[in-house]
Amino acid sequence: MIRSDSKVMTGLEVSEQLRRLEIPGRVTFMEGNGGLTKVEVNTERSGAEIYLHGAHITDFQKKGEAPLLFTSQFSRFNTGQPIRGGVPVIFPWFGPREGEPTHGFARLAWWELHEAVTLPEDGVTLRFHLPDLAESAVVPPFSANYVVTIAETLSMELLITNTSGNSPFSFEACFHSYFFVGDIDEIAIAGLKGATYFDKTDHSTRQDNADLIRITSEVDRVYQDATGPVEIQDQKLRRKIRIQKSGSASTVVWNPWIAKAQQMPDFGNEEYKQMVCVESGNVGKNRITLAPGKTAVMKVALSSTGL
């Protein structure tokens, strides 16, 4: 886990409300990188860390295994800037938008943690809420709740409700998951054969007819109407990562490769070799439109097994 600059927060550094949510030996609030508050969760089978900034999961690791998630050693941990890696929560738009932050405002906001509970089977569930923001004035009124469960599997559930009285709410959302891999040359991605994707590297639309996707250059693909599970087969780490989802019709596959990695100030030149993004969401033509009072639920479960 990323604990290089961590210390347990005490006294006035953590609000009384947050300290009441601590569970000895399970849920602890700490000062993380950049002085940002994070939650460290430990169970008998796994551990995780989540920053309140963006409700951003930066680490999940089963005991005895390599980390499941990748977070760049060059990531910026600053208010107003996104964390590079882990699981950014992308909402209410995906990609750039003129005059607005790329990938929306949710990943830049300070989320409120309302509940932390232990589960009978040893897991821990955290419930976050996105507070009212000045930035949200560009979209109709809504509520956003985020439920994270840490056990042998990492589960994430995003619930968006249109709270306006008479306006539909159209939005995009995505869990922009970065996965840690042993060697990008030794992985394969399964589960997307037959799906149509938009290739953002050359602005073309194609159908994927390959049984397995292998990364040999920059990849930036948005698969539409792709509702099934996806697997990352990692020969070097001898494990298989499974991305199981519901309420998600889009899958995005991304690796910056050599040139783009060198252009990113919050990403190491060689780090593309140890990561791949397989993102679950509803973007592009799969964006969601909610009638007033309706709720959309997107759920993703990340698990790993040996090859």
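The values are calculated or read from the model by the stated rules, or taken from the named source; none is laboratory data. Keep in mind it's a predicted model, so treat the numbers as computed, not measured. For neighbour counting, all protein chains shown are included, and Cβ atoms are generated from backbone atoms with ideal geometry for every residue, glycine included. To get the accessible areas, we keep the full protein, side chains included, count just its heavy atoms, and leave off ligands, DNA and RNA. Shrake-Rupley method; radii C 1.70, N 1.55, O 1.52, S 1.80 Å.
Brief remarks on what is shown
- Percent carbon-and-sulfur accessible area, the stretch 123-220, ignoring ligands, DNA and RNA, probe 1.4 Å: 46 percent
- Positive-pole candidate from THR71, GLN81, ALA109, dipole of the stretch 49-114, charges at beta carbon: THR71
- When you filter the GluC sites (Glu not before Pro) in the stretch 85-122 for DSSP loop state and at most 16 other Cβ atoms inside 10 Å of their Cβ, you are left with GLU98, GLU121.
- 19 Å Cα-Cα reach of LYS294 towards lysines, excluding residues that sit fewer than 8 places from it in its own chain: none
- The separation of the stretch 122-154 from the stretch 170-204, counted between C-alpha centres, amounts to 24 Å.
- Less than 5 angstrom separates the built amide H of TRP93 from those of GLY104, PHE105, GLU172, all sequence-distant by 5 or more or on a different chain.
- Modelled this way, with points 7 Å down the Cα-to-C-beta line, the labels at HIS114 and GLU186 are 4.5 nm from one another.
- The Cβ shell under 11 Å around SER46 holds other residues with a net charge of -2, Lys and Arg each +1, Asp and Glu each -1.
- The trypsin sites (Lys or Arg not before Pro) of the stretch 244-294 that meet both conditions, a loop assignment by DSSP and at most 16 other Cβ atoms within 10 Å of the site Cβ, are LYS294.
- Residue-wise HN-Hα coupling along the stretch 150-167, computed from phi with Karplus coefficients 6.51, -1.76, 1.60 (Hz; x: Gly, Pro): 10, 8, 5, 10, 9, 10, 10, 9, 10, 10, 10, 10, 7, 9, 6, x, 8, 10
- Structure-based [θ]222 nm, the chain - -39500 (n - 2.57) summed over DSSP H runs of at least 4, per residue, nearest 500: -1000 deg cm²/dmol
- Legend: calculated FRET efficiency, SER15 to THR227, from the Cβ-Cβ distance at R0 = 51 Å, rounded to 0.05, equals 0.80.
- Debye, to nearest 20: dipole size of the chain, +1 on Lys, Arg Cβ, -1 on Asp, Glu Cβ: 400 debye
- Top of SER72, SER164, SER46 by mean-square fluctuation, Gaussian network on the chain, Cα under 10 Å: SER164
- When the alpha carbon gyration tensor of the chain is reduced to an equivalent ellipsoid, its three semi-axes come out at 28, 25, 19 angstrom, largest first.
- Take every Cα pair under 8 Å whose residues are at least 6 apart in sequence, average their separation, divide by the length of the chain, and the relative contact order is 16 percent.
- Lysines whose Cα lies under 26 Å from that of LYS193, excluding same-chain neighbours fewer than 8 positions away: LYS236, LYS240, LYS245, LYS273, LYS285, LYS299
- Label-to-label distance, nm, for residues given as ASP211 and LYS236 (7 Å Cα→Cβ offset): 2.4 nm
- Note that the chain presents 42 Å² accessible area per residue, ligands and nucleic acids not counted, probe 1.4 Å.
- Environment charge of PRO229, counting only residues whose C-beta is closer than 13 Å and scoring Lys/Arg +1, Asp/Glu -1: +4
- Antiparallel beta bridges, as assigned by DSSP with both residues in the chain, represent about 100 percent of the total such bridges.
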